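First the structure, in the form of structure tokens, and then the observations on it.
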Amino acid sequence: NCFNHLDFEWESPIWRHWVRDLASGHSIVRYDGRCNGLADWDVEDVSFEAWVHDLETVADAAGLEKFALMGISQGAPVAIAYAVRHPERVSHLILCGGYAEGVVHRGRPEAIEVRRALETLVQLKWGEHNPKFFEMVTNLYIPEGATPEDQEWFKQLQMKSVSPANLVKFMRGCDDINVRSLLPKVSVPTLIFHAERDHIAPPEQGRILATEIPGARFVPLPTGNHLLLASEPAWATFRDELASFLRSESRASVAS
């Protein structure tokens, strides 16, 4: 996702429980996307196809023959495209807070206007002059149950992970995403999580994924947080459902 920084996240209360719990019994391969975190920030092509190519490159470089693939937020459509192109390499597909259609394709002109206004504020580096901007963005991502420590870490993550110019590129790349035609082509076991009150990825987008991906299982999460916090019940639900999915589908694969 656009607020990603592998080094900074080790101690972050926003992400450390993800790494800790998902690494229990598994190996994790993660990477900072182009123009983001520890990756090269001086890149012109920030597009959906470039993101899919990056995932292909990382999977190949890591020597991953078959693996469980998780896509969070805009990583979900990237993961969907990869799973459709390389079904023989994806054992499980997990989508969390994802969507099939960027804001341009949702049939909501007012949402596009809001998005363009936000992009303008980012481009003008409004956050450098008004700290309330970071507070506003934080409240979109983690509006429920965030402690002052959580909010401060997320503010710092926004500043460390991406420049204003690159964030605008990210936002526009996300706006143009449309993988809905790919959903019926997904042929791997799929588990979909979506916050019931998500302010970043509308809940109806999670339902579209669940309805149009064949055989997908949908787990609604009782939260408004786009990024799940360690202290909320939704995190325990996510963690336990994911572990069960990986175990059950692995057994099914062996049995077949």
GNM top mover of L55, L229, L93 - the chain, alpha-carbon springs below 10 Å: L55
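Grab the DSSP H runs of the chain that are 4 residues or longer, score each as -39,500 (n - 2.57), total them, divide by all residues and round the 222 nm result to the nearest 500 deg cm²/dmol. Mind showing how you got there, number by number?
Numbers: 10 runs with 120 residues, N = 256.
My calculation for the chain gives -14500 deg cm²/dmol from helical runs alone.
Rounded to a whole number, what % of the accessible area of the chain do carbon and sulfur atoms account for, probe 1.4 Å?
Working: 6570 of 12130 Å².
Ligands and nucleic acids excluded, carbon and sulfur reach 54 percent.
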Inter-centroid distance (Cα atoms) of region 1-55 relative to region 172-225, Å: 20
Span per principal axis, largest first, for the Cα atoms of the chain (Å): 59, 35, 35
Built amide H within the under 5 Å cut-off of G71, gap 5+: I94, L95, C96
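Using only the alpha carbon atoms of region 66-113, find the Kirkwood hydrodynamic radius as the inverse mean reciprocal pair distance, in angstroms to one decimal.
On the way: mean 1/r = 0.0863 Å⁻¹.
That comes to 11.6 Å for region 66-113.
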Mean separation of Cα contacts under 8 Å (6+ apart) over length of region 118-256, as relative contact order %: 24
Interchain or long-range residues, amide H under 5 Å from N178's placed H: G102
Relative contact order [Cα under 8 Å, 6+ residues apart], the chain, whole percent: 23
Choice from T57, T138, T190 showing the highest fluctuation, given a GNM over the chain with Cα pairs closer than 10 Å: T57
Helix runs (DSSP H) in the chain reaching 27 Å along axis by Cα, Kyte-Doolittle at least 1.0: none
Gain on full stretching of the segment that runs from W10 to S27 - 0.36 nm per residue minus C-alpha separation: 4.6 nm
Relative contact order [Cα under 8 Å, 6+ residues apart], region 61-198, whole percent: 38
Fluctuation leader among A210, A39, A201 - the chain, Gaussian network, Cα springs under 10 angstrom: A39
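What is the Å³ per residue value for the convex hull set by the Cα atoms of region 163-234?
On the way: hull volume 8.7 nm³, N = 72.
Measuring per residue, one finds 121 Å³ for the Cα hull of region 163-234.
Count the DSSP beta bridges whose two residues both fall in the chain, then state the antiparallel fraction as a percent rounded to the nearest 5. Kindly include the intermediate steps, with their values, before the conclusion.
Numbers: 1 of 16 bridges.
Looking only at bridges with both residues in the chain, the antiparallel portion is about 5 percent.
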Label-reachable residues, region 174-202, where backbone N falls under 18 Å from a point 7 Å from R116's Cα toward its Cβ: 174-177
Note, ³J(HN,Hα) from phi for region 87-104, Karplus 6.51, -1.76, 1.60, rounded to Hz, x at Gly and Pro: x, 5, 9, 9, 7, 9, 10, 10, 10, 10, x, x, 7, 9, 10, x, 4, 5
Nonlocal Lys pairs with alpha-carbon distance under 25 Å, the chain (8 or more apart, or different chains): 9
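The values are calculated or read from the model by the stated rules, or taken from the named source; none is laboratory data. Just so we're clear, the structure is a prediction, and the values are computed from it rather than from any experiment. FYI the Cβ positions are ideal-geometry reconstructions off the backbone, even for glycines, and counts take in every protein chain you see. Heads up: the accessible areas ignore ligands, DNA and RNA and are worked out on the full protein's heavy atoms, side chains in. Shrake-Rupley method; radii C 1.70, N 1.55, O 1.52, S 1.80 Å.
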